[in-house]
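Here is the structure we will look at.
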Amino acid sequence: MTFTIPLVARGNVDAWTAALSTAMPEARIVPFADTTEAERASAVVAIAANPDPAELAQLPNLVWVQSLWAGVERMVAELPRGLTVVRLVDPQLAETMAEAVLAFTLYLFREVPHYRRAQEARRWDPLLLRLPDEMPVGILGLGNLGRAAARRLMAQGFPVLGWNRTSRPMEGVETFWGADGLDAMLERTKVAVVLLPLTPETRGLVDAAALARLPEGASLINFARGPIVDTGALIAALDTGRLSHAVLDVFDEEPLPAESPLWSHPGITVLPHVSAPTHRATAAAIVATNIRAFRESGTIPEAVDRMRGY
């Protein structure tokens, strides 16, 4: 029997409806605006991407919500505490992020920002070649994304350090945890890669004090969430030459306003939140598997821990 699942989303509704319908031909994936009162009343699961909380509130019998994104901090903050939220855990997302981390670590390793500035100045300015083992990469966040990135980096010969809120050992990676561990790792890190979820504990974590722990000339890559890094402190560290470059894919406000000084800063590479976009086909397949398991056995996938925020 065909059943209806509301899709509560803002943006790309038609594309997501098509992808999810292909992955779940046994279901009717219906944008919230097109659902009937009866369908809203009978819905026990909804699929969501940047949902309007007011729309989810009109699904009175909802048991859980499947997010189409890995990042769920906004949903956790806005939705009722009693509602179970399941974040997207897609192996393809981890591999896409790992690819981006490797690509932009190599971008910094091979001094591309320096050569870009030299080209603009019509200046012939070759630098001495470094070897990968001279540039330790410190990953803040050894979850699924961080571990996939670590494997890619180690395969290219980069020493990898990893920090997590609690101990998370990983073969081949020197791991650190807690406040003291973060300081110790940053002091040995030439490229700091931020892959943490945004929580009350991680907001502003990479502040002036943390940036000062990095060796002079180190670089930063933020592929997590903008508010984890103190933007003012980062600009100050770049302006003084303490840091050499920052690659930013996420910002306090997105899209990044045209008047932001980050666009024109010579020490910053701006990306439009493209380090690991969700791939609709693979994400839809994961969602279909989760919802089928729920319908067959009542099993709800591992939910977001509201206390931790992820």
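Accessible area per residue was computed with a 1.4 Å probe on protein heavy atoms; Arg292 scores about 80 Å².
Accessible area ranking (1.4 Å probe, heavy atoms, ligands and nucleic acids excluded), largest first, for Leu153, Leu127: Leu127, Leu153.
Just to be sure I understand the model, the point goes 7 Å from the Cα along the line to the Cβ. What's the resulting Asp305 to Arg81 distance in nm? Those two pseudo-labels are separated by 1.7 nm.
Of Leu271, Leu161, Leu68, which has the largest mean-square fluctuation in a 10 Å C-alpha GNM of the chain? Of Leu271, Leu161, Leu68, the Gaussian network model singles out Leu271 as fluctuating most.
Within the shell of other residues whose beta carbon sits under 14 angstrom from the beta carbon of Asp52, the net charge comes to +1, with Lys and Arg scored +1 and Asp and Glu -1.
Highest mobility in the GNM of the chain, judged by mean-square fluctuation with C-alpha springs under 10 Å and restricted to Asp230, Asp34, Asp52, is found for Asp34. Solvent-accessible surface of protein heavy atoms, probed at 1.4 angstrom with all chains present, puts His273, His245 in the order His273, His245, largest first. Counting only heavy atoms of the protein chains and using a 1.4 Å probe, Tyr107 has close to 50 Å² of accessible surface. Nonpolar atom fraction for the range 94-270, defined as the carbon and sulfur part of the 1.4 Å probe accessible area, stands at 54 percent. Once the 1.4 Å probe is applied to the protein heavy atoms, the range 94-270 comes out at 49 Å² accessible per residue. In whole angstrom, the chain maps to an equivalent ellipsoid with semi-axes of 40, 20, 18, each derived as √(5λ) from the alpha carbon gyration tensor and ordered largest first.
With everything on Cα atoms, drop me the angle between helix 91-109 and the longest principal axis of the chain, reported from 0 to 90° to the nearest 10. Value to nearest ten degrees: 20. Rolling a 1.4 Å probe across all protein chains gives Met307 an accessible area of roughly 150 Å². Protein-only accessible surface at a 1.4 angstrom probe places the residues Ser67, Ser167, Ser264 in the order Ser264, Ser167, Ser67, largest first. Note on Thr36 and Arg292: with the Förster distance fixed at 35 Å, the Cβ-Cβ geometry gives a FRET efficiency of about 0.90. Taking a Cβ cut-off of under 10 Å around Ala276, the surrounding Lys, Arg, Asp and Glu residues balance to a net charge of -4, with basic ones at +1 and acidic ones at -1.
Taking label points 7 Å from Cα along the Cα-to-Cβ direction, Asp180 and Thr4 give a separation of 5.9 nm. How high is the relative contact order of the chain, given as a whole-number percent (alpha carbon pairs under 8 Å, six or more residues apart)? Across the chain, relative contact order equals 17 percent.
All other residues whose Cβ lies under 14 angstrom from that of Glu95 are scored, Lys and Arg at +1 and Asp and Glu at -1, for a net of +1.
The values are calculated or read from the model by the stated rules, or taken from the named source; none is laboratory data. Computed from a prediction, not measured in an experiment: that's the story for all the values here. Note: ideal-geometry Cβ built from the backbone for every residue, glycine included; neighbour counts use all protein chains shown. Just the protein is used for accessible areas: all its heavy atoms, side chains included, with ligands, DNA and RNA removed. Shrake-Rupley method; radii C 1.70, N 1.55, O 1.52, S 1.80 Å.
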